[in-house]
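S.K.: One structure, as structure tokens, below. Some questions next.
The values are calculated or read from the model by the stated rules, or taken from the named source; none is laboratory data. The structure displayed is predicted, hence computed values, not measured ones. Virtual Cβ from ideal backbone geometry, glycine too; neighbours counted across all protein chains shown.
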Amino acid sequence: MSALEAQEVPEARVKEWEAPAAAWNVLADASGDYCLREATFILNRDPAISTGQQRLMKLIRSLGMVDRNGTPYAKHSAHLAERPQTCQHPHTGEVMLARPQIRITIRGLQYLHGKLGGVAPLRYEQSEVDSAA
């Protein structure tokens, strides 16, 4: 193998891995989060997992990730987040603060995936089949 060929092989491998690495960086760095409904759809893509929103919330409670009021504990801040919600008063139409919604982060999905006994890699992207439903 010539010196030129030896240089081309590593460059080809780097180019081959650029897109997957960029995708992973986006996911790992994501500050995004998912509501319970979205999280169950993602987790249920694993053939070993079958859960719903209420069962997922029950698991979150049993793992001690939230207090009795549903507020995430600080030690699980990488797994769960709270997002403030607003609603309109039915009679006055005034915008009011509602109970904050629990959101599950990417790291939280990975944590719960392991706790639920997931066997397949998590897939965060929405497939064409999912979007048609």
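S.K.: Can residue 120 be described as in a strand (DSSP E or B) and among the aliphatic types (A, V, I, L, M)?
M.R.: Spelling it out, it is not the case that residue 120 is in a strand (DSSP E or B) and among the aliphatic types (A, V, I, L, M).
S.K.: Does residue 20 qualify as being at pLDDT 55 or above, outside the structural domain of residue 105 (by TED's automatic domain parsing), over 20 Å from residue 76 (Cβ atoms) and not polar (S, T, N, Q)?
M.R.: Yes, satisfied.
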